[in-house]
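No lab work stands behind these numbers, since they all come straight from the coordinates. None of the values given here were measured: they were computed from a predicted structure. Here the Cβ is made from the backbone with ideal geometry for all residues, glycine too, and neighbour counts use every protein chain on show.
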Amino acid sequence: MRAICFLRSRILKPALALLAISCAIAAQGCINPASPGSNDPAYSDNPVSSSDPAVPVAGDVLIAGGVGRLDQSLAPAEFFDPATGKFLITGALTDGRAGSAAAVLAGGKVLLAGGFSGTAMINDFSLTLSGSVVPSADVFSPAAGKFVATGLTIAPRAGYTATTLQSGKVLVAGGIDNRGNVLDSAELYDPASGKFSGIVTAMSDRRAFHTATLLPGGKVLVAGGVTDLSGGTTNSADLYDPLSDTFVQAAAMDHARAGHTATLFTFGPMAGSVLIAGGGGGTGLFLKDSSAEIYDSASGQFLLLRTFMNEARALHTATLLPDGRVLLAGGFDGSVAMAAGTLSGASGSISDSAEIFDPASTQFSCIGGFNSDTTQCNPAMSFARAGQSATLFNSGKLKGQILLAGGWGGRSTDAAGRPLSSAEIFDPATSTFRVTSNMNRARALQSATLLQ
C-alpha cells in the first residue's frame with residue numbers, strides 16, 4: 001500500500017488531503033502518533049448493531065464517509081431523523097471515503113465517488129495518509145437504505161467538487177489523484193448509464209479544496225483551490241458550460257483562496273450572485289483570510305467587499321438561511337510559514353464561533369457579539385469545529401434550522417482537535433445553537449445530504 005505524507009498548511013492542520021505544504025510519496029509508511037483516545041461521548045463511537053440498515057425518508061440527512069475516531073476513513077453511513085432528533089445507522093459504502101463529495105440524483109438517490117481510503121493521522125500541523133485515493137463510486141438508494149456500486153471514475157479523486165447539473169448529470173471536477181497530483185481535469189457522471197465520461201477541455205488551473213457553484217443559467221462557477229502540494233493556491237476561476245461541455249476561464253478573484261466557501265443567493269438584493277468567503281492562500285507562506293467577495297453573474301466579475309468577517313475562517317461552513325442571510329460557522333484560524341520546504345512555524349485555533357452575513361447591508365455580525373479583548377466573536381457553538389457539515393432543513397419539524405455535525409475540534413479551541421461525533425442545531429429565530437444527539441461515529445470531512 002502506498003503511503004502519502006502531507007505536511008499540512010496552517011488552514012489544513014485539521015483537514016484532509018489538500019492544503020498541503022509539502023508532499024512526499026514513498027513505498028514505506030510515514031510515522032505519526034495516532035490521536036489520543038477519549039471516553040467523552042462527544043468524540044466516541046456508539047454504533048448500533050443491526051442486521052438490517054435503517055431506511056430514511058425525505059427530509060432526513062444522510063451522513064456518509066469521513067475520517068473517524070481511529071483516524072480511519074469510514075464506510076458505514078448513518079442519517080439524522082429530524083422528527084426524533086436521532087442518528088440511525090444505514091447502509092455502508094463499498095470503500096471507506098474521506099474528502100469525497102455527494103451529489104443528489106433524480107429520484108432522491110445520492111452519488112458518492114472517489115475519496116481517500118485508508119488512515120489519516122494529524123499531529124503538529126502535519127497530516128499523514130496511509131492508503132490510496134480510490135476510483136470507486138456508490139449510489140445510495142433511500143428506499144432500500146443501501147449503497148450500490150456504480151461505474152468507476154476516470155481518475156481517482158479526493159478533495160474534488162461534485163455538482164448536479166440541470167440535466168441531472170453530475171460534474172466532477174479537480175481534486176488530487178493517487179500519485180499526489182492536483183488535477184485540472186473533470187468528468188461527467190450520467191445516472192442513466194451509471195458511467196463517467198471525460199471532458200475534453202481542462203480547467204485553467206489545477207484545483208483541490210476549491211468550490212463549484214451551479215448558477216441560475218445552468219453554468220457552473222469553479223473558483224480557487226490548492227494548485228500543488230507545496231501550498232500554492234490560485235485566485236483563478238472557470239465557467240463550465242454544459243451545452244458546449246467546455247470550461248472557459250472566468251475573471252479572477254481578488255484573493256487566492258482554498259478551503260473557502262461559496263454561497264449562491266437565490267433571492268433578495270444579491271439574487272444570482274455568489275458569496276465567496278474565507279479560506280487561505282499563499283505560496284510558501286500560507287496566510288489566513290477573513291475577507292470575502294461577491295461574484296456577480298450578470299457582469300461575470302468578482303467584487304471584494306469592504307467589510308470583513310470578524311475572524312479568519314477556513315474549512316468552515318456557509319449556509320443560506322430562509323431570510324436570505326448567510327450563516328458562517330466554525331473553521332480554522334491560523335497561519336503557517338515555510339523555510340526551504342520545511343514547516344518553520346505554525347499557530348492557530350479551531351473556531352467555536354459563528355457569524356451572519358447580511359446581503360442588504362453587506363455586514364458581518366457575530367452570533368453572541370464581538371469580544372474586543374480577543375478580537376474575535378464570542379463562543380456560540382457547543383464545540384469548536386472545522387471540516388464539519390452543515391445542512392438546512394426545508395420542511396418538517398426543524399424547517400429553517402441547520403444541522404451542524406462532526407468535524408475536527410473539541411470543547412476548547414486548541415488546534416489539536418479530534419474527529420467529533422457531536423452535533424448541534426442552529427435556530428435562526430433565536431440565533432442560538434443547541435446540542436442534539438451524537439452521531440453513531442465520530443467523523444470529519446464527511447458528506448451530508450438532505451434527502452428528497
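Each peptide in 312-320, 54-62 was scored by the mean count of other Cβ atoms within 10 Å over its residues; highest first, the order is 312-320, 54-62. Ordered by the count of other Cβ atoms within 10 Å of each Cβ, fewest first, ASP40, ASP71 give ASP40, ASP71.
Here the Kirkwood formula puts the hydrodynamic radius of the range 154-252 at 13.3 Å, using every distinct Cα pair.
The modelled label-to-label distance for the pair THR246/ALA143, using points 7 Å beyond Cα in the direction of Cβ, is 4.0 nm.
Charged neighbours of GLN249, selected by a Cβ distance under 11 Å, balance to -2 (K, R count +1; D, E count -1). Here the range 202-236 and the range 362-380 have alpha carbon centers that stand 30 Å from each other. Taking amide H atoms as placed 1.01 Å from N in the peptide plane, the amide H of THR150 lies under 5 Å from those of ALA137, ASP138, VAL139, each 5 or more residues away in sequence or on another chain. As a rough footprinting exposure proxy, the listed residues TYR189, TYR160 were ranked by other beta carbons within 10 Å of their own, and the order from fewest upward is TYR189, TYR160. Per the Debye calculation on the range 304-452 with a single equal scatterer at every Cα and no solvent contribution, log₁₀ I(q)/I(0) for q = 0.13, 0.17, 0.21 Å⁻¹ amounts to -0.59, -0.96, -1.36.
The protection proxy used here, the mean number of other Cβ atoms lying within 10 Å of each residue, ranks peptides 210-216, 349-355, 247-253, 402-408 as follows, highest first: 402-408, 349-355, 210-216, 247-253. What translational diffusion coefficient, to the nearest whole µm²/s, does the range 87-233 have by Stokes-Einstein, given a Kirkwood radius computed over alpha-carbon pairs, a temperature of 37 °C and 0.692 mPa s viscosity? Approximately 208 µm²/s, per Stokes-Einstein. Fewest neighbouring Cβ atoms within 10 Å first, the residues VAL104, VAL326 line up as VAL104, VAL326. Where a ≥ b ≥ c are the square roots of the eigenvalues of the C-alpha gyration tensor, would you call the range 206-275 rounded, which needs a/c under 1.5, or, failing that, prolate if a/b is larger than b/c, or oblate? Because a/c hits 1.5 or more and a/b fails to exceed b/c, the range 206-275 counts as oblate.
Of LYS109/LYS169; LYS219/LYS288; LYS109/LYS397, which ones are farther than 20 Å apart at the Cα? Checking Cα-Cα distances, LYS219/LYS288; LYS109/LYS397 exceed 20 Å.
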